[in-house]
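The values are calculated or read from the model by the stated rules, or taken from the named source; none is laboratory data. Keep in mind that this is a model prediction, so the values were computed, not measured. Neighbour counts run over all protein chains shown; Cβ positions are idealised from the backbone, glycine included.
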Amino acid sequence: MKFVRYCTAAILLALGLSQACGAPAPAQPEKVFRYAFRVAETGFDPAKISDLYSRTVTENVFEALYTFDYLARPVKVIPLIADGMPVIADDYKAFTIKLKHGILFADDPAFCDTSGKNCKRREVTAQDFVYSIKRIYDPKTISPVASDFEELKLLGMNELRAKAEKSGHFDYDTEVEGLRALDRYTIQFKLAETRPRFIYNLADSSVVGAVAREVIEKYADKTMEHPVGTGPFMLDRWKRSSSMTFVKNPNYREVYYDAEPAPDDAEAQAIYKQMKGKRMPMVDKVEVTIIEEEQPRWLAFLGSEHDFYERLAATYAYQAIPNNKLAPNLAKRGIQMARKSAPDVMIHYFNMEDPVVGGYTPDKVALRRAVALGYSSVDEIKLPWRNQATTAESTIQPMTYGYDEKFRTEMSEYNPAKAMALLDMYGYTDKNGDGWRDQPDGSPLVLQYATQPDALSRELVEIMRKSMDAIGVKVEFKVAKWPENLKAARANKLQMWGLGYSASVPDADGALSLAYGPAKGEGNLSRFDLPEFNKLYLQQQTMPDGPERLAVMQKASKLLVAYMPVKVRVHRILTDMWHPWFSGYLRHPTSRAFWKYIDIDTSKVPQQ
């Protein structure tokens, strides 16, 4: 006879069971990580973006050859898609890299035939990295990092770009010596000059994460809307400048948590002990909302609508972290915090091609230096930042190679008397008696300053207004959303703008590139172009780390003080906060790819 299984309530109760026989185990609650960006994204094409928020997304969707150990301090480069570290030859001018086998892109219609059927699982190859980097050189991409890659002098690539600029067509199929796929899983880079830190250029997934040619060709002018990478997450839903949802990439390979925290780093060691061996990513979904105003973002966190609050708004510093310690009422709720120096710099830039503030003649230099001397970074630190920032001396950010906390320049000096004396000396005086200074030729002196509509920007505007009023300089403020200001800045349509730069690698080369002439309109929004500075910038790139390179970097920094294309203001101190059900987070100095390293304990999440 056949064996018959009977399941009755009586039997279950007798056995102390609560689950029906043969029924599947209850589904585990979905782990959803929720937090907010304070600035809207611009898009998700690695070759086309430069803003922090879009690059946060692309670094979690795409993957480069290398990445940074999540817990190691000082930072350490480790393989990601690469199968081991590069074979380096010819005095850091040749790098040969093997790829791991079997790494797949997320599924996408681009990998199907014209009928939309017969789809294939697409493996990443060395040729994908060749193509991805070539896109940066393609003039039609208008990549904001194109000048950074031109500086690398990959043999044949600058010539290929120059040819495309003349013909209007970039030939992706032309093989060049400096960027070649030797076989399906081997890529080789050859450079014209020594580049000891070239590997950093290969460790930023937000920019050089592999893209598939089929995807780019399918979506053409809509690549910013269709990110398809090999990373742990993939875009599920997107409402531009409002919200976006990412889900776990089902094609993501088996990767288990591992790291090398420093033995004396108690915080990192505790995270490592908790997370070691877990399969990544640990969360199923990431929900990001755009909340530009400080109050609703803070309230969303306090109301448990968000699990994590990235970069506590300075507005709430005295309330949330009095004396830089977590407020008792928050500690009682189990909320945790971490406070770190940020590898960033906040600046005002002057458009060097603007007829009012630009130029290299003594009178124009005097105007910019007077504005810098008259601006109160001290008030900025006390008021908008609530003492969550430190005075900056140069564009070089803390926690990057080249930063020297003992380095001092006039950049940080606040001296309204000296500012007014400079303006008087070069003819910027009140010629018509209206109380405002005029230009030497008698025309009105009016600065046009771009800003944003959020609360922090409004506070910063008041510091700028008050500072300039004190030295008799009139300022008009032009308000627009951040992405709009960025677009206008790149198009050479802004006279002045205040913004921040965060390091993406643990080296100051990027900080100096903010003033490198050939990067005008890209990373160099001020459009500063001084041959002496350009020479120093290129010189330090080829030098090994050491006192000689540091001396060159400081000499270049002093030129920026002398000509003042940017007024360097402050470096921020960042405080991140999270609820007790959120775990695994440690702010990395340069990487933003933290989504796969964190976890959510659903048993502790309050029911909404």
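Which count do you get for residues in the range 219-233 that are among the polar types (S, T, N, Q) and under 17 Å from residue 60 (Cβ atoms)?
1
Annotation: residue 461 fulfils all but one of (1) surrounded by 18 or more Cβ atoms within 10 Å (Cβ to Cβ); (2) touching a residue at least 24 places away in the same chain (Cβ under 8 Å); (3) not acidic (Asp, Glu); the unmet one is (2). Just one of (1) under 28 Å from residue 36 (Cβ atoms); (2) modelled with pLDDT of 95 or more; (3) touching a strand residue (DSSP E or B) at 6+ places or on another chain (Cβ under 8 Å) fails for residue 602. It is (3). Taking the range 20-99 as the region of interest, the strands (runs of 3 or more DSSP E) fully inside it that hold 1 or more residues being in contact with an Asp or Glu (Cβ under 7 Å, 6 or more places away or on another chain) are 32-37, 77-79, 94-98. Based on this model, can you work out whether residue 231 counts as assigned to a loop (DSSP other than H, G, I, E, B) and either over 23 Å from residue 502 (Cβ atoms) or of a type in the set (A, V, I, L, M, F, W, C) (or both)? It is false that residue 231 is assigned to a loop (DSSP other than H, G, I, E, B) and either over 23 Å from residue 502 (Cβ atoms) or of a type in the set (A, V, I, L, M, F, W, C) (or both). Taking the listed residues 187, 133, the one that is surrounded by 16 or more Cβ atoms within 10 Å (Cβ to Cβ), within 23 Å of the chain's Cα centre (by Cα) and not basic (Lys, Arg) is 133, with no other qualifying.
Please indicate, with yes or no, whether at least one residue in the range 363-381 is touching a residue at least 12 places away in the same chain (Cβ under 8 Å), of a type in the set (S, T, N, Q), assigned by TED's automatic domain parsing to the domain that holds residue 503 and crowded, with 21+ Cβ neighbours inside 10 Å. Scanning the range 363-381, I find at least one residue that is touching a residue at least 12 places away in the same chain (Cβ under 8 Å), of a type in the set (S, T, N, Q), assigned by TED's automatic domain parsing to the domain that holds residue 503 and crowded, with 21+ Cβ neighbours inside 10 Å, so the answer is yes. With respect to the conditions (1) at pLDDT 95 or above; (2) surrounded by 12 or more Cβ atoms within 10 Å (Cβ to Cβ); (3) part of a helix (DSSP H, G or I), residue 166 lacks only one, and its number is (2). All of (1) over 30 Å from residue 280 (Cα atoms); (2) surrounded by fewer than 23 Cβ atoms within 10 Å (Cβ to Cβ); (3) aliphatic (A, V, I, L, M); (4) touching a Ser or Thr at 6+ places or on another chain (Cβ under 8 Å) hold for residue 568 with one exception: (2).
Note on the range 177-198: residues that are of a type outside the set (Gly, Ala, Ser) and either in a loop (DSSP other than H, G, I, E, B) or touching a Gly at 6+ places or on another chain (Cβ under 7 Å) (or both) amount to 11. In the range 315-342, the residues that are in contact (Cβ under 8 Å) with a residue 12 or more places away in the chain and small (Gly, Ala, Ser) form Cβ pairs under 7 Å with partners that are surrounded by 16 or more Cβ atoms within 10 Å (Cβ to Cβ) and assigned to a helix (DSSP H, G or I), at six or more places apart or across chains, as follows: 320/330. Exactly one residue among 147, 132 is under 30 Å from residue 236 (Cα atoms), part of a helix (DSSP H, G or I), in contact (Cβ under 8 Å) with a residue 40 or more places away in the chain and not assigned by TED's automatic domain parsing to the domain that holds residue 504, and that residue is 132. Counting only strands (runs of 3 or more DSSP E) that sit completely within the range 262-379, those holding 3 or more residues that are hydrophobic (A, V, I, L, M, F, W, C) correspond to 285-290, 344-350.
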